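A short worksheet on the structure shown next.
Every read-out reported here was derived from the displayed coordinates using simple, explicitly stated rules and does not represent laboratory data. This one's a predicted model, so the numbers in the text were calculated from it and none came from an experiment. Note: ideal-geometry Cβ built from the backbone for every residue, glycine included; neighbour counts use all protein chains shown.
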C-alpha cells in the first residue's frame with residue numbers, strides 16, 4: 001500500500017481538493033476503489049460534468065442517490081473486491097430542495113419556496129452553490145450512512161478557497177441585511193409588489209419595476225421573506241459542517257498537476273487548511289512526465305543522441321537519418337518537460353510536508369475500473 005492510502009487508513013471521510021483539470025475525479029475514485037478492494041464499504045461522491053466517473057465504474061449513469069458498482073463490472077476488469085463500492089453524482093438543485101425541505105417550518109412554506117420562480121433560477125446557479133451543496137451532502141452522508149469511507153470529489157474551482165468559503169457566501173445571501181432593509185416593508189406586509197410600490201421609500205423598487213415588472217419583484221420579495229425564517233437553521237447546519245471538517249476522522253487530499261500555477265494554489269490551500277485546523281492526509285502530484293534518460297547527469301545534446309539513434313536504425317535501411325534527428329528532438333523536448341515537472345514535484349514535497357505521491361502520466365486515459373486500479377497502485 002502506498003503512502004497516501006496508508007495515511008487514509010482509519011479515516012471515514014476523504015475530501016479531494018484542487019483546481020480544475022488536475023485529475024481529482026480519477027484520484028477520488030481510485031481511493032474509494034482501493035478501500036473497497038480491501039473489504040471496506042465505500043462511496044465516491046462527485047460533481048463531474050463530463051460524466052467520466054460513471055463510465056469508469058461501469059455504470060450507465062449517476063444520480064443524486066448512491067449506486068452500487070455491479071460485480072460484473074469488476075469481473076470485466078479482472079478485479080475481485082472484498083467489499084463494496086458505491087458512487088453518486090451530486091445534483092445541486094435536488095440537494096438545495098432537500099435542504100429547504102429540512103429547514104422549512106411547515107409544508108406550506110416549503111412548497112411556497114420550491115415553487116418560487118426566483119428560487120428555481122438561483123438555487124442551481126448561485127455562486128458557491130456547488131461547493132456549499134457538496135459540503136451539505138457530505139455532512140448528510142457522514143452522519144446518516146454507515147460507509148467505512150466516503151470520498152468527496154470537490155467541484156472544480158477558480159480559486160482554492162472557494163470550497164471552504166462557500167458556506168459564508170451562501171449565508172450572506174440567505175440573510176442579506178441590505179436586501180432585508182430594502183424590501184422590509186413589503187416582506188413584513190406579505191404583499192410585496194403592491195406595498196413596495198406604495199412605500200414612501202420605494203423609489204429603488206419603483207425604478208426596478210419598470211424593467212422587471214411588479215410580478216418579478218413580488219417573487220423576489222416573497223423569496224427573501226420566506227428564507228429569512230430559515231436563516232438560523234442554515235447557520236447551524238453550516239457550523240456543523242465546519243466542525244466536521246476539523247475532525248480527525250476527516251482527511252483532505254491535495255491534488256495538483258506539476259505546473260507552477262497548480263502547485264501555487266495547492267500550497268496556498270495547504271497552508272489555509274493547517275491554519276484552520278483541518279487535517280491534511282497527503283498530497284498528489286498527478287500526471288508527472290517521467291524521466292526516460294537512464295544515465296546520471298541528464299540528457300546529452302541532440303546531435304550525439306541523433307547519432308546514436310541513427311546507428312541503431314541503420315539496419316532499417318537508408319533514409320533513417322531524418323527519423324533519427326526527429327526522434328532525438330522529441331526525446332530532448334520530453335526530457336525538458338520531465339525536468340520542469342521534477343522541479344514542481346519537489347516544490348510540492350517541500351511546501352506540503354507529509355505523505356506525498358507522484359503519479360506518472362499513464363499510457364492512456366482512465367476510463368474503466370482496471371485503469372482506476374492502476375492509478376490506485378501509485379497512491
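The figures follow:
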quantity: Förster radius 35 Å - calculated FRET efficiency between residue 232 and residue 368, Cβ distance, rounded to 0.05; calculated: 0.15
quantity: Kirkwood hydrodynamic radius of region 22-122, Cα pairs, Å; calculated: 15.4
quantity: Base-10 log of normalised Debye intensity for region 320-369 (one unit scatterer per alpha-carbon) at q = 0.21, 0.25, 0.26 Å⁻¹; calculated: -0.87, -0.95, -0.97
